[in-house]
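Asks: My questions all concern the structure below.
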Amino acid sequence: MYRHVIVPTDGSDVGTRAVEEGLELARSIGAKLTIVTVLHHFHPLDYSPDSIVEALDPHQAEIDHHVKADDLLERKVRASGVACSHIRVRHDHLCEAVRMAAAAQDCDLIVMPAHVRNGWLSGSIDAETVRLLSNSNVPVLVLH
C-alpha cells in the first residue's frame, strides 16, 4: 500500500496531532515517516523601516518555537521504532513546500493537518489545504 508517509507540521497543536496520527498510520502499515517543518520567509518589505527590527524578533521566536516543538516530535517518532526523517524547508506557501518535499522524498501519501476556520467560514478548511488537495499528484489524507 503506502511505503512513505509525509506530514507537514508547524509546531501547533494541530500539527503535533497530525504527526502523531501519521506515526500511528506509518506504524500500522510498516511505512517510513517524514516530518516536514515549513518555515516562512521573513519579508522586510512588508514592514516600515522603523519596525523591521521589532518585527524580526517575534519572527525568529516563532521559528525557534517551531523547531523546538518539531524536534521533540522527531525524538518521539524515532523512539517508536518507525523509520523517520525530518526536513525543514523555507517557503511562503505550505502547499508548494509540501508538494516539493513529497516529490523529493519519494513519498506516496501526505497526511495534512487541516486548520479549520472560525467565524462565518466556520467548518471550512484553510486555502493551503484546498490548494494541496487540488494540485497534488500524491494522495492526501486530511485530518480534521
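Asks: Which is surrounded by 18 or more Cβ atoms within 10 Å (Cβ to Cβ), assigned to a helix (DSSP H, G or I), of a type in the set (A, V, I, L, M) and modelled with pLDDT under 75, of Ala26, Ala69?
Replies: The match here is Ala69.
Asks: Could you list, in sequence order, all residues of region 1-11 that are farther than 11 Å from Met112 by Cα, in contact with a strand residue (DSSP E or B) (Cβ under 8 Å, 6 or more places away or on another chain) and either at pLDDT below 85 or of a type in the set (S, T, N, Q) (or both)? I'd like the intermediate steps shown before the answer.
Replies: Quick first cut of region 1-11, residues farther than 11 Å from Met112 by Cα only: 1-4, 10-11.
Retained after the next criterion (residues that are in contact with a strand residue (DSSP E or B) (Cβ under 8 Å, 6 or more places away or on another chain)): 2-4, 10-11.
Within region 1-11, Asp10, Gly11 qualify.
Asks: Does Ala103 count as out of contact with any Leu (no Cβ under 9 Å at 6 or more places or on another chain), at pLDDT 70 or above and surrounded by fewer than 12 Cβ atoms within 10 Å (Cβ to Cβ)? Step through it out loud before you land on a result.
Replies: On the way: out of contact with any Leu (no Cβ under 9 Å at 6 or more places or on another chain): yes; at pLDDT 70 or above: yes; surrounded by fewer than 12 Cβ atoms within 10 Å (Cβ to Cβ): no.
Criteria not met by Ala103.
Asks: Could you give every pair whose Cβ atoms fall below 7 Å, whose first residue belongs to region 1-27 and is more than 13 Å from Ile110 (Cβ to Cβ) and touching a residue at least 12 places away in the same chain (Cβ under 8 Å), and whose second residue is part of a helix (DSSP H, G or I) and among the β-branched types (Val, Ile, Thr), counting only separations of at least 6 or pairs across chains?
Replies: As it stands, the answer is Met1/Ile29; Leu23/Val77, since those pairs meet every condition given.
Asks: Among (1) out of contact with any Pro (no Cβ under 8 Å at 6 or more places or on another chain); (2) in contact (Cβ under 8 Å) with a residue 12 or more places away in the chain, where does Val36 come up short?
Replies: The failed condition is (1).
Asks: For residues in region 10-23 being part of a helix (DSSP H, G or I) and touching a helix residue (DSSP H, G or I) at 6+ places or on another chain (Cβ under 9 Å), which is surrounded by the fewest Cβ atoms within 10 Å (Cβ to Cβ)?
Replies: Glu20
The values are calculated or read from the model by the stated rules, or taken from the named source; none is laboratory data. All values derive from a computational prediction rather than experimental measurement. Here the Cβ is made from the backbone with ideal geometry for all residues, glycine too, and neighbour counts use every protein chain on show.
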